[in-house]
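Nothing in this text is a laboratory measurement; each read-out follows from the coordinates by a stated rule. All figures in this text were calculated on a predicted structure; none of them were measured in a lab. We place every Cβ from the backbone using ideal geometry, glycine too, and count neighbours over all the protein chains shown.
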Amino acid sequence: MKKPKYRLSPNEVERLVKEERERRKKLRIVQVREQAKANAAAIRNDVRREKERLLKEFSAEVEEQLTAEKDEKVRKLRLKYEGTLRGIGDGHREAYLKGDGYSAIEQMQKQQEAACAAQDRFESALRKQRMEDAAREHEERRHILARQAALEVERERATEIAALPPPAPDICLELEKKSKRAVQMMDMKAFANTHYHIPDYQVIRAGPHEQTNAKSDAEDTDLKLRQDLAEKKRSLHEQKERARIRGNEALQKEMLKHDMGDMLQDLSLLQRNDRRRRQKVLADVPKQVFIPPERCLEERQDRQAEMERKFDELYMQ
């Protein structure tokens, strides 16, 4: 009996091809990633080896430079040392050849020349310092000198103006002046209207029994001042206390206002959440709940009749 041969459907063939394509695609991606990792590792190794090579070359070059500089310094010191050794005794031989008298005279001349040059430098430096001090003092006192000069000019001008003859009197002003006749004042109460300046005060001497004790008056005044000071302190304390109470009340009102605003905001948020929850519950409720029973029965009968009609059409063909 031969085994039945089965053929793959187009959908199965397409599925197998798609799976094979996906497998090859994944395999290719894995291979590309592995190759990229290998290339990156090779590049890193090459960079590391190049860096080590450059560091070795640089260190060798620095060592060579240091060695060359050290050898050069040693050579220069050796030459200097040899020159110093060769120059030992030259000063003694030169002093012996020149003689003591000639050297002393020459040394005295040099000392005198040095002293004269030092004295000249001192005098020139002293003159320069004095000139700088005078210029600085003049700069500091310039505004004072300018003010003194201005005052001197004003003084001379005032002297000249004061020396001028007085101006001639104005005839118009002289005519306008009215000569007032002097009136002998006998009694202040005798004048009702007058253009004279009559004193409006009189000094009445107090009797021996009318004078009070100055010490007791001073004590009373001191007591009154202390009472006024205490009253001012008390009123200031009361003002501060009232201000503090008003501040506390205003703070409490402001806190209550903020609390009320926060509570209203929370209530509004709770109301929105409750409305959203109710809407969600109403959305999950089937719509048949809101349809009358007669309408539901009619719809069920219509569906049953439609199913029967389609069944007849399907099996009666």
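So, R0 is 41 Å and r is the distance between the beta-carbons of Leu225 and Arg246; what FRET efficiency does that work out to, to 0.05? Plugging the Cβ-Cβ distance into 1/(1 + (r/R0)^6) gives 0.85. Selection among Thr84, Phe122, Val74 by position relative to the dipole of the range 40-158 gives Val74 as farthest towards the positive end (Cβ unit charges, Cα centre).
Per residue, the convex hull spanned by the Cα atoms of the range 99-170 measures out at 81 cubic angstrom. Fully extending the segment from Gln112 to Glu34, taken as 0.36 nm per residue of separation minus the present Cα-Cα distance, adds 18.6 nm. Shape summary: the range 23-92 maps onto an equivalent ellipsoid whose semi-axes, from the alpha-carbon gyration tensor, are 67, 5, 4 Å in decreasing order. What the Kirkwood sum gives for the range 258-309 is a hydrodynamic radius of 14.6 Å, with every pair of different alpha carbons counted.
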